[in-house]
Amino acid sequence: MRTRHRIDGKTGPWVTFVTGIANDLTMWDGQMPALEGFRVLRYDLPGHGGSEPAPACTIDTLVRDLRTLLDSLKIEKTGVVGLGLGGAIAQACAIAHPDRVERLMPCCC
């Protein structure tokens, strides 16, 4: 499955932003100016924005998709910020992969 993503910033600690339902990675555009000094990963959930749809989605598959994306980009550790469904994914990722999640910010989930 192809996951549309964007990386902002060249140096600093990683922060990953996970969108909610019916959003795409552009929902975080307003936060980017405040994140100078970080490397920011933003991505679209399956079937949202530019990401291919998945045949079935569960929290487990969404966490696996996030881990696969982190692996493909060689991101060992990241802070994870999520809104709505993205917050639930962020929490589930922290539970399943505590060694990969440096900080956690679930919002409105």
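Which percent of the accessible area of the chain is formed by carbon and sulfur heavy atoms (probe 1.4 angstrom)?
Details: 3290 of 5840 Å².
It is 56 percent, rounded to a whole number.
Remark: the chain carries 54 Å² of accessible area per residue (probe radius 1.4 Å; ligands, DNA and RNA excluded). Only protein heavy atoms count here; under a 1.4 Å probe, SER72 has an accessible surface of about 80 Å².
Taking 0.36 nm per residue of separation and subtracting the Cα-Cα distance, what length does fully extending CYS57 through CYS107 add?
Numbers: separation 50, 0.36 × 50 = 18.00 nm, distance 2.06 nm.
Length difference between fully extended and current span is 15.9 nm.
What the pair-distance distribution of the chain shows, using all Cα-Cα distances binned every 10 Å from zero, is 15, 54, 29, 2 percent.
Beta-bridge orientation, segment 1-104: approximately 25 percent antiparallel, per DSSP, counting only bridges with both partners inside. About its Cα centre, the chain has a charge dipole of approximately 180 debye under the convention of +1 per Lys or Arg Cβ and -1 per Asp or Glu Cβ, with nothing else charged. Before rounding to the nearest 500, sum -39500 (n - 2.57) across all DSSP H runs of length at least 4 in the chain and divide by the residue total; then give [θ] at 222 nm in deg cm²/dmol. That calculation yields -7500 deg cm²/dmol at 222 nm.
The values are calculated or read from the model by the stated rules, or taken from the named source; none is laboratory data. In this text, all values refer to a predicted model and were calculated from it rather than measured experimentally. When we count neighbours, we look across all protein chains shown, and the Cβ atoms used for this are built from the backbone with ideal geometry, even at glycine. Side chains included, ligands, DNA and RNA excluded: accessible areas come from the protein's heavy atoms. Shrake-Rupley method; radii C 1.70, N 1.55, O 1.52, S 1.80 Å.
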